[in-house]
Amino acid sequence: MKLVGFQLIDIEPGRTFGALDLKPDHLQQTGLVHGGVTATLADIVCGFAAYTLVYPEQHVVTADLQISYLRPGLGTRLEAEGKVLKSGEKICFCESEVWAINQQSRELIAKARAVMAVVSSQKKV
């Protein structure tokens, strides 16, 4: 998250929202947002949304991420929202959306579904 410059703006139980001001390193040579950046944001917001619902000694890791790119990302900023659809003891099912923002519009550029595995940080003896 820090490596790409993404910032979480709003965190609620089961939901997160954040933004990334685009820089040249986030773009392909054509000026469009790199698909890896879009997928990373989708994964981040799903992971943090799931993390808000686990116990303090637990963490989440991405077990599966499926992303659909709806249109090319073109703008000065990306926004992403992640939501938990169903939370369980061992997995959380999440979805996210990523939008490209420019001066005139906010366009949905990708939707993703993720399965987050719940893991414990306690060592077993």
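Values quoted throughout were computed directly from the atomic coordinates according to the rules given, and no laboratory measurement underlies them. Please read all numbers here as calculations on a predicted model, not as lab measurements. Ideal geometry is used to build each Cβ from the backbone, glycine not excepted, and the neighbour counts take in all protein chains shown.
Descriptive notes on the structure:
- Of all residues in region 1-39 being buried (at least 20 other Cβ atoms within 10 Å of the Cβ) and polar (S, T, N, Q), the one that is farthest from Ala112 (Cα to Cα): Thr16
- On the stretch given as region 102-125, residues that are surrounded by 19 or more Cβ atoms within 10 Å (Cβ to Cβ) and within 19 Å of Leu27 (Cα to Cα) total 2.
- Scanning region 96-110 for residues that are touching a helix residue (DSSP H, G or I) at 6+ places or on another chain (Cβ under 7 Å) and of a type outside the set (S, T, N, Q) yields Val98, Ile109, Ala110.
- Filter result for Gly31 (in contact with a helix residue (DSSP H, G or I) (Cβ under 7 Å, 6 or more places away or on another chain), touching a residue at least 24 places away in the same chain (Cβ under 8 Å) and either assigned to a loop (DSSP other than H, G, I, E, B) or within 23 Å of Ser121 (Cβ to Cβ) (or both)): no
- In region 38-51 there is no residue that is over 14 Å from the mean Cα position of the chain (by Cα) and either polar (S, T, N, Q) or over 22 Å from Gln7 (Cα atoms) (or both).
- Verdict on Val54 being part of a loop (DSSP other than H, G, I, E, B) and in contact (Cβ under 8 Å) with a residue 60 or more places away in the chain: yes
- Region 68-108, subset assigned to a loop (DSSP other than H, G, I, E, B) and among the hydrophobic types (A, V, I, L, M, F, W, C), residue nearest to His34 (Cα to Cα): Leu74
- None of Tyr69, Tyr55 is more than 17 Å from Val98 (Cβ to Cβ) and among the hydroxyl-bearing types (Ser, Thr, Tyr) except Tyr55.
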